[in-house]
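Written below as structure tokens is the structure these notes are about.
The values are calculated or read from the model by the stated rules, or taken from the named source; none is laboratory data. Keep in mind it's a predicted model, so treat the numbers as computed, not measured. Cβ sites come from the backbone with ideal geometry, for glycine too, and all protein chains shown count toward neighbours. What goes into the accessible areas is simple: the full protein's heavy atoms, side chains included, and nothing from ligands, DNA or RNA. Shrake-Rupley method; radii C 1.70, N 1.55, O 1.52, S 1.80 Å.
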Amino acid sequence: MASRLQRGWILALVLLFPLFAQAQDNSQLAPPEIKGQALYIPFPVAITLDGKVDDWADVPSSTVDRGSTLSPKVGENDSFTVSAAADDKNLYVMMTSHDPNIITGQHGTDYWNEDSLEFYVNFSSELNAPTYNDSIFQININPGGIGETDPTKLSFTGVNAAASGVQGVVFKTSDGWGFEASLPLPFAPEHGKAIGFQAQANGATELDRDVKLIWSLADTADQSWQNPALFGRGVFFKVGRDDIPVVDVASIGAVEPTTTPQESETVNERAITAVNQVGYFVDERKIAVYGRASALENPAAWEVRAVDSDKVVLSGTTDAGFLDATSGDTVYRADFSAMNTPGKYIIQIDGIDSPPFQIADSVYATLKKDALRYFYLNRSGIALTPQFAGKTWARPAGHISDNDITCYKGTDADGKTWDGCDYRLDGSGGWYDAGDYGKYVVNGGISTWTLVNLYEHSPQDFPDGSLNIPESQNKWPDILDEARWEMDFMLRMQVPDGQPLAGMAHHKLHDLHWSGVPSKLPTEFDNDSPTNGRYLMPPSTAATLNLAATAAQCARVWKIFDADFAARCLKAAETAWNAAKAHPAMFYGRIPGEGGGDYNDSNVQDEFYWAAAELYITTGKDEYRTFVTESPYFKTFPGLAAGSASPMGWPDTAALGSISLAMLPNNLPEADITRLRQQITETADHYLDAIAAEGYRVPIPASGYVWGSNSLVLNNAIILALAFDFTKVTKYRDGVVASMDYILGTNAVDQSFVSGYGTNSMQHPHHRFWGNQPAQGFPPPPPGAIAGGPNGSPADDTAIKSVGDLPTSRRYIDNLGSYSTNEVAINWNAPLVWVSAYLDEQFNSAS
């Protein structure tokens, strides 16, 4: 039902339609636009894509001189025109730019950063969709193709552009340039049918873009490239009709932001009782946190009630409470550790109920498996069948064409030109890195290491057959089978013998341009497309050392299962080590600047140390021992550095080497092993201090709320677990438990960050094929995927607008559009596997 505002708009438009009809030029095939809101599309109109615009003479146009950045030069890039028409098969768009000084070909395929024109269409039934799907397109066209008369050779980029079927011709005008283009219609046009429509112009008066003109009045900040709800409307108008279709312009851009569970109608009403929504171990510490916008005069009363009977089984009062700076809440803690009877409960504090939770020693028995199955469900190059993936997540193989792929050639976003290579590699397999379709050696390194390190720590976990993956029943541990899927991919990313950079590893592999979100997983991809191909990105020292470290780790664990594979891994590791020494400063930049994450790292001394440590443990060779013992990372564990929020992550890998040395048998003197373990334990003490100081008992300081903050929480939990292993002091294991409490609901957003676990579990990750739009063919996330978590500096518009003004630890939103708070990633799920498996081993005797 239309709102009062919408009904008002509709009435106003109805009253104005006679005026429109009277004012309309009789020669025009459709009514004039509703400025910046609706453009009428006459049909059927015969348009030929030939650069001659006489067939557009009677199609109404819109002249646009507004936008987020106006031209600094009079008479240059100061306006554009746009028109649209259709026949029974195609939508046609013509745009021209007032631009006597054309700048093109200066930024590779980043046409948006120079002179270009772009139009957007939404052919789907959801015209206010907040994210792109397969029926929504951005088409960016540049003037570089002036003179090309073949419409099939149009040069273009844009979200989903490669799948759009766009054709067109670019032409010169007396005062600039323009294009006419066609896009296949997925339906037959009907009088009054509306689509989403947008048009924009990018302009460069000297070199880089300094002009942005925008047709839709709903988009005031140039966000249409990621938020199609900001498009206006294109309305089909059958030529010859005298009734003008009603346009509900009030609905344009009217997308209500998704709110997180903790947000009340006003700040003053905010009050949550946060618990681990999965559950607590029978004889372990149990703490709930009550957070509210204002302080109480006295501690709050609490009571635990059994869900099945509503009977009060335990009661008490909270501590005195304190102001938690990162959440802005006054927090009160209720310790109900005395409740040790298995069952399902809630806790009510100050009249506010918590989500329900279990008390049982098996609370993580399923979670650890689902967290590890995340990797199987993100495999590239293999069909996921219902037998192993389940009907909901079964899908065809993705990117099998990665088995024949060559190197990127072009100029990157930093202006550096890359010459490509004269070889092709088999880059198939591996895991999709995060919410995108890229595959990255640097992030694959720490993720693979974490899984294999868990095997080295607890080889009895995840035995053969425990995961129901295709390799189950092959007599090898399932966790190693899964890690091998990525290891095989990383081995294939090594530059082959006979090449100038033989032994180095390519940094990553991905498309030239970002695909839509969500978007269907392509089985085949045109890897060599000059407009949106898929390429190997150049080798880097960081990637090469990631390969050296993980391949060395692979060699020792696979030795007893597959000696040939182990030997292959060791050869690759030592070849990579020598190649990295020969090329110690091949640092990565923004290549090409979109289409995939950069993962740039210009300090690789930590990677050298990590690789040397793993190679020394595996081989015992003096060369690697000398490198390890002479490294400053060997003297001081990275987590001891002042201000360190966490000792490890994909760009900071020295801690991985020290953990392996402290944990695994090697020939270092006992005094060195003892010192390493002591420093790891001292680092764990920092995280216990953070748990005590932070209102919601999280093992990161205030500086730790960064992109992927949940991975810091879990990596710090690994440090706490190792400290317990080394000392058997219970407080460290308590810290691991508190870390998982935070992840699963004891946090300032009252949210379990793990899909499928908890009442308020993550449901809408930023992910290409887990878009949670079942009607469009995009399933929800499988259980066991972890979101990045609160980000003190969110980078996406969805989070900035919805939670960007909240206190730091509350800047999270469970929304598909929030890539900086709600994306998933292999290097975040790997420590979730490690920590959940560790705790299950500690408490669940049945495992």
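Among [x] 1.01; [y] 1.20; [z] 1.05, which one is Rg/Rh (Cα atoms, Kirkwood Rh) computed from these coordinates?
Calculated Rg/Rh (Cα atoms, Kirkwood Rh): the matching label is [x].
What 222 nm value per residue comes from the helices of the chain, counting each DSSP H run with n ≥ 4 as -39,500 (n - 2.57) and dividing by all residues, nearest 500 deg cm²/dmol?
-8500 deg cm²/dmol
Rounded to the nearest percent, how much of the accessible area of the stretch 278-409 (1.4 Å probe, protein heavy atoms only) is carbon and sulfur?
50 percent
How do 241, 556, 768 stack up against each other in accessible area, from largest to smallest, with a 1.4 angstrom probe?
I get 241, 556, 768, largest accessible area first.
Summing +1 for each Lys or Arg and -1 for each Asp or Glu, what net charge is found among the other residues whose Cβ lies under 15 Å from the Cβ of residue 473?
-4
So which trypsin sites (Lys or Arg not before Pro) in the stretch 438-529 end up in coil per DSSP with only 16 or fewer other C-beta atoms within 10 Å?
475
In Å², and per residue, what accessible area does the chain have when probed at 1.4 Å with the other protein chains present?
It amounts to 36 Å² per residue over the chain.
Give the ranking of 107, 767 by solvent-accessible surface, highest area first, calculated with a 1.4 Å probe.
107, 767
Using a 1.4 Å probe and ignoring any ligands, DNA or RNA, find the accessible area of residue 703 and quote it in Å² to the nearest 10.
Accessible surface of residue 703 is approximately 70 Å².
I'm checking a number: the convex hull volume of the Cα atoms of the stretch 73-214, normalised per residue, in Å³. What is it?
So the per-residue hull volume is 115 Å³.
May I ask for the distance between the Cα centers of the stretch 32-65 and the stretch 317-392, given as a whole number of Å?
Centre-to-centre (Cα) distance: 56 Å.
Could you put 451, 688 in order of accessible surface area, largest first, with the 1.4 Å probe and the full protein assembly present?
The residues order as 688, 451, largest area first.
Tabulate in residue order the Karplus-calculated ³J(HN,Hα) for the stretch 790-798, using 6.51 cos²θ - 1.76 cosθ + 1.60 with θ = phi - 60°, rounded to whole Hz; enter x for Gly and Pro.
x, 10, x, 10, x, 10, 9, 5, 4
Would you tell me the accessible area of residue 469, worked out with a 1.4 angstrom probe on the heavy atoms of the protein chains, in Å² to the nearest 10?
Looks like 0 Å² after rounding.
In terms of Cα to Cα distance under 27 Å, which lysines are near enough to residue 439, apart from those fewer than 8 places away along the same chain?
368, 369, 391, 409, 416, 508, 520, 559, 571, 581
So, taking all protein chains as they sit and a 1.4 Å probe, how much accessible area belongs to residue 682, in Å² rounded to tens?
Number for this one is 70 Å².
Give the value in nm², to one decimal: projected area of the alpha carbon convex hull of the stretch 705-838, averaged over all directions.
8.0 nm²
Taking 0.36 nm per residue of separation and subtracting the Cα-Cα distance, what length does fully extending residue 338 through residue 571 add?
Gain on extension, residue 338 to residue 571, equals 78.4 nm.
Quick check: at a probe of 1.4 Å, how many percent of the accessible area of the stretch 23-149 sits on carbon and sulfur atoms?
The nonpolar share, carbon plus sulfur, comes to 49 percent.
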